[in-house]
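Q: One structure, as structure tokens, below. Some questions next.
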Amino acid sequence: AQSVTQPDIHITVSEGASLELRCNYSYGATPYLFWYVQSPGQGLQLLLKYFSGDTLVQGIKGFEAEFKRSQSSFNLRKPSVHWSDAAEYFCAVAPSFSGGYNKLIFGAGTRLAVHP
Amino acid sequence: GAVVSQHPSWVICKSGTSVKIECRSLDFQATTMFWYRQFPKQSLMLMATSNEGSKATYEQGVEKDKFLINHASLTLSTLTVTSAHPEDSSFYICSARPTEAFFGQGTRLTVV
């Protein structure tokens, strides 16, 4: 069965510091990969996605993620964190097949706190 | 990007009553929509896949008679929580996809 693991439940960084949120997936083939951000009481906003091609993906708000097939990972990074980045971050996968993807499977989420 | 609107944003209802939540795709047609449930400080769990013009597909363990889904048009799917109980209190989120999943803002349901 497909699964997504986000090893870090909670991370705290200082404003201006770099950030890396980990995500590992379990799936037989290369799935579609996503990172979402959720502010308290809000829906989810797509940060970036990987379908194929260049394994380094650029997203919104200065985020990027790198797909590493050998490690089954899709870690999210940001070189300099802003206080407004404090939120919950979810990694998600969807099985890939022609015509698009089906349902998303989410990781447990990583809550990011940012110290001033 | 595409816009998915969910209504209401929050609702409080009495135990035993039914609540309807709407999910609309505002600028695209959505043949498929997804309903998720999120408990406090937990991840999203897919409840069901809503298909326009046909029956919804429910995930294992989700009571289809309790969580009624109707996808009568290409822009609207509704989730009705029937005979709601306090344990149904949760955050419900829908998504729809033209090419990727766009999420509604969610509905906070509190059953008292």
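Q: Could you tell me which residue of the range B:74-112 is surrounded by the most Cβ atoms within 10 Å (Cβ to Cβ), considering only residues that are away from chain A (no Cβ under 13 Å), of a type outside the set (Val, Ile, Thr) and in a strand (DSSP E or B)?
A: B:SER77
Q: Can you tell me how many residues in the range A:64-95 are in a strand (DSSP E or B), more than 12 Å from the chain's Cα centre (by Cα) and within 14 Å of chain B (Cβ to nearest Cβ)?
A: Residues in the range A:64-95 being in a strand (DSSP E or B), more than 12 Å from the chain's Cα centre (by Cα) and within 14 Å of chain B (Cβ to nearest Cβ): 2 in total.
Q: Just to be sure before I move on: is B:VAL62 more than 12 Å from every other protein chain (Cβ to nearest Cβ) and either out of contact with any Ser or Thr (no Cβ under 7 Å at 6 or more places or on another chain) or surrounded by 16 or more Cβ atoms within 10 Å (Cβ to Cβ) (or both) in the structure I sent? Walk me through it before giving the result.
A: Working: more than 12 Å from every other protein chain (Cβ to nearest Cβ): yes; either out of contact with any Ser or Thr (no Cβ under 7 Å at 6 or more places or on another chain) or surrounded by 16 or more Cβ atoms within 10 Å (Cβ to Cβ) (or both): yes.
Taking the combined requirement at face value, the residue satisfies it.
Q: Now a separate question. Can you confirm whether A:PHE67 is at pLDDT 90 or above and farther than 27 Å from B:TYR92 by Cα?
A: Against the criterion (at pLDDT 90 or above and farther than 27 Å from B:TYR92 by Cα), A:PHE67 qualifies.
Q: What's the number of the condition B:GLN29 fails, among (1) within 12 Å of chain A (Cβ to nearest Cβ); (2) in a loop (DSSP other than H, G, I, E, B); (3) modelled with pLDDT under 90?
A: Condition (1) is where B:GLN29 drops out.
Q: Determine whether the range A:20-38 contains at least one residue that is of a type in the set (A, V, I, L, M), open to solvent by 60 Å² or more (accessible area, probe 1.4 Å) and modelled with pLDDT of 90 or more.
A: The answer is no; no qualifying residue exists.
Q: Could you list all residues from the range A:64-95 that are touching a residue at least 40 places away in the same chain (Cβ under 8 Å), among the hydroxyl-bearing types (Ser, Thr, Tyr) and surrounded by fewer than 19 Cβ atoms within 10 Å (Cβ to Cβ)?
A: Passing the criteria: A:SER72, A:SER73, A:SER80.
Q: I'm trying to understand the selection: among the residues of the range A:39-63, which are facing another protein chain (nearest Cβ under 10 Å), open to solvent by less than 30 Å² (accessible area, probe 1.4 Å) and part of a loop (DSSP other than H, G, I, E, B)?
A: Selection gives A:GLY43 alone.
Q: For the range B:9-23, what are the residues that are within 13 Å of another protein chain (Cβ to nearest Cβ) and either surrounded by 12 or more Cβ atoms within 10 Å (Cβ to Cβ) or under 20 Å from B:ASP65 (Cβ atoms) (or both)?
A: Hits for the range B:9-23 are B:SER9, B:ILE21, B:CYS23.
Q: Would you pick out the residues in the range A:55-78 that are β-branched (Val, Ile, Thr) and in contact with a Leu (Cβ under 7 Å, 6 or more places away or on another chain)?
A: Those that are β-branched (Val, Ile, Thr) and in contact with a Leu (Cβ under 7 Å, 6 or more places away or on another chain): A:VAL57, A:ILE60.
Q: Further question: Could you grab me the full set of residues in the range B:39-57 that are of a type in the set (Ser, Thr, Tyr) and more than 12 Å from every other protein chain (Cβ to nearest Cβ)?
A: Passing the criteria: only B:SER54.
The values are calculated or read from the model by the stated rules, or taken from the named source; none is laboratory data. Source: prediction; values computed, not measured. All Cβ positions, glycine included, derive from the backbone under ideal geometry; neighbour counts span all protein chains shown. Areas reflect the complete protein model, heavy atoms only, side chains present, ligands, DNA and RNA absent. Shrake-Rupley method; radii C 1.70, N 1.55, O 1.52, S 1.80 Å.
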